[in-house]
Structure formats: structure tokens, C-alpha cells
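Scroll down for the structure; my scribbles are underneath it.
The values are calculated or read from the model by the stated rules, or taken from the named source; none is laboratory data. Note that the structure is a prediction, hence the values are computed from the model and not measured. Glycine gets a Cβ as well: all are built from the backbone with ideal geometry, and neighbour counts include every protein chain shown.
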């Protein structure tokens, strides 16, 4: 490549590899300290989320950007999340359960905006879904990863 820089594909691969490495580190911390650990959520918010936001929401990526409004502050936030499209919406793993700000914000407001596969959608009507109904909707590799991570709670967001 002219100038010695990385191509956009190479940058995407490097970002994805970094994300996978960070995810394994997060998994180790998770096993050590538990799913509800404030330290793990802080690590995700300050390290993993900014990294994931560099490629989330683009075509071909399993990560979307969920834009929501703070229930107390009224500020706008963007959170990268793994999502699985389903009929008229998406299934989202509640990686840290229902204690996450993005979940509590959309539960209170009732809607959010999702940037998925390069397109923007209005979504709402959050509905909790248990693992027995949600996991079969994910591709095998993601299903296994979610099971290994011990994620048992999901939310369905309806396309508005």
C-alpha cells in the first residue's frame, strides 16, 4: 500500500483481533469476579466500547450501535452491542444483565435508534426474552460464545 499505511480491510481485521483479545481478557475477569462486577463494566465502557464503536454498525459486522437518551441526564449515548436480527426487530444479549444503563434507559423511554448493517432504524418496545427462546436465533458460533460466557438474559427490540 502506498505510504506504508494499512488498508481499511486491514484496519478492520486489526480492530477485530483487538476486540477478540479484549473479549477473552474480559471473559477471564468475568470468571474471576462475576457478571455483575462494576470493574468489568467500567473496563467495557472505557476500553472495549470505544474500540468496538470503530467498526460497529457497518455492513457485515455483528455489532450494532444503540443510541439512547439518559433517563436522568437527558444526554445522548452510543453503545456498541451484539445483535441478532429477527422478524421485525433484533435480539440483544444482556451481557451484564438488567443493571446496564443502556437497558434501563430504553426501558424507561421505550425507544432507541439502532445503526445496523450501515442503516439506521428506530426501535422500541423492549421485551425480555429467556435464553431458551433467544439462543436458537443466533448463529452456532455466537450461540456457543454466549453459552460459554453464561449469558442467560436477552431483550427483543421491535423495529418501529
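Can you name every residue in region 53-70 that is closer than 22 Å to residue 151 by Cβ, without any contact (Cβ under 8 Å) to a residue 60 or more places away in the chain and assigned to a loop (DSSP other than H, G, I, E, B)? Once the filter is applied, which keeps residues that are closer than 22 Å to residue 151 by Cβ, without any contact (Cβ under 8 Å) to a residue 60 or more places away in the chain and assigned to a loop (DSSP other than H, G, I, E, B), region 53-70 yields 55, 56, 61.
Would you confirm whether any residue within region 123-146 is more than 22 Å from residue 87 (Cβ to Cβ), touching a residue at least 40 places away in the same chain (Cβ under 8 Å), in contact with a strand residue (DSSP E or B) (Cβ under 9 Å, 6 or more places away or on another chain) and buried (at least 16 other Cβ atoms within 10 Å of the Cβ)? No, region 123-146 has no match at all. Of the residues 120, 73, 46, the single one that is surrounded by fewer than 16 Cβ atoms within 10 Å (Cβ to Cβ) and part of a strand (DSSP E or B) is 120.
Would you say residue 94 is modelled with pLDDT of 95 or more, under 20 Å from residue 65 (Cβ atoms) and touching a helix residue (DSSP H, G or I) at 6+ places or on another chain (Cβ under 9 Å)?
Spelling it out, it is not the case that residue 94 is modelled with pLDDT of 95 or more, under 20 Å from residue 65 (Cβ atoms) and touching a helix residue (DSSP H, G or I) at 6+ places or on another chain (Cβ under 9 Å).
Taken over region 80-117, the residue count meeting the criterion of being outside any loop (DSSP other than H, G, I, E, B), touching a residue at least 60 places away in the same chain (Cβ under 8 Å) and in contact with a strand residue (DSSP E or B) (Cβ under 8 Å, 6 or more places away or on another chain) is 8.
Only a single criterion out of (1) in a strand (DSSP E or B); (2) over 16 Å from residue 158 (Cα atoms) is not satisfied by residue 132, namely (1).
Identify all residues within region 104-117 that are crowded, with 20+ Cβ neighbours inside 10 Å and either in contact with a helix residue (DSSP H, G or I) (Cβ under 8 Å, 6 or more places away or on another chain) or over 15 Å from residue 65 (Cα atoms) (or both); write none if there are none. Scanning region 104-117 gives a single hit, 112.
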